[in-house]
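The values are calculated or read from the model by the stated rules, or taken from the named source; none is laboratory data. Being a predicted model, the structure only gives us computed values, none of them experimental. Reconstructed Cβ throughout: ideal geometry from the backbone, glycine too, with neighbour counts over all protein chains shown. What goes into the accessible areas is simple: the full protein's heavy atoms, side chains included, and nothing from ligands, DNA or RNA. Shrake-Rupley method; radii C 1.70, N 1.55, O 1.52, S 1.80 Å.
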Amino acid sequence: MSVVSVIFKYIGLFLILGGAASTIIGSIGHIRFPDVYNRAHAATKSSTIAVLITLVGALIYIAATQGVFSVQLLLGIIFVYLTNPVGSHLLLRAAYRSKVELSELTLVDELKEVMHKDEELNHKEKEQ
């Protein structure tokens, strides 16, 4: 093995460990945060970052040790990057529409005005 491939091998391992650390930090946030919205934020942010860092580390490690570029890992990175935040957004929007309570610690509800305007527009459309 050349020196460059050994360096890339350790960079890949370091990124994989960073992904594991991000998962642990997100798990702590998921346990400690007060309501479903904050918990979902911690879970989504940490899982997206953890999976991306881990897959990039695996991509670099495989390229350094085996000398191949994995298109499957690249597709996995793109898929997670696009679907995880969108899925979380849709779940939280459904929770908000179902009137799941915010924490007492929440100071501002910016979505309240937008949802109220949407309800008024829907009500006017039904009347016509």
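Are there trypsin sites (Lys or Arg not before Pro) in the stretch 16-75 that DSSP marks as loop and that have at most 10 other Cβ atoms within 10 Å, and which are they? Don't skip to the end; give the middle numbers.
Values: sites: Arg32, Arg39, Lys45; in loops: none.
Answer by residue number: there is no such site.
Calculate, for Val114 and Tyr81, the FRET efficiency according to 1/(1 + (r/R0)^6) with r their C-beta to C-beta distance and R0 41 Å; round to the nearest 0.05. Let's see the in-between values first.
Values: r = 26 Å, r/R0 = 0.64.
Taking R0 as 41 Å, the efficiency between Val114 and Tyr81 is 0.95.
By average Cβ neighbour count within 10 Å, what is the ranking of 9-16, 94-101, 76-83, 55-62 from highest down? Could you put the intermediate results ahead of the total?
Values: 9-16: 16.6, 94-101: 10.9, 76-83: 14.0, 55-62: 20.0.
Listed from highest to lowest mean packing, they are 55-62, 9-16, 76-83, 94-101.
Over the chain, give the accessible area per residue in Å² for a 1.4 Å probe, as an integer.
Working: 9490 Å² over 128 residues.
With the other protein chains kept in place, the chain gives 74 Å² per residue.
Quick one: how many lysine pairs does the chain have with C-alpha atoms less than 19 Å apart and a gap of 8 or more or different chains? Give me the count, please.
Working: Lys99/Lys112; Lys99/Lys117; Lys112/Lys124; Lys117/Lys126.
Lysine pairs, 8 or more places apart or on different chains, close enough: 4.
Relative to the present Cα-Cα distance, how much length would full extension add between His123 and Tyr96 at 0.36 nm per residue of separation?
Working: separation 27, 0.36 × 27 = 9.72 nm, distance 1.89 nm.
Between His123 and Tyr96, full extension yields 7.8 nm more.
Could you look at the stretch 1-120 and say what percent of its accessible area is carbon and sulfur, using a 1.4 Å probe and all protein chains?
Details: 5910 of 8470 Å².
So the carbon and sulfur contribution to the accessible surface is 70 percent.
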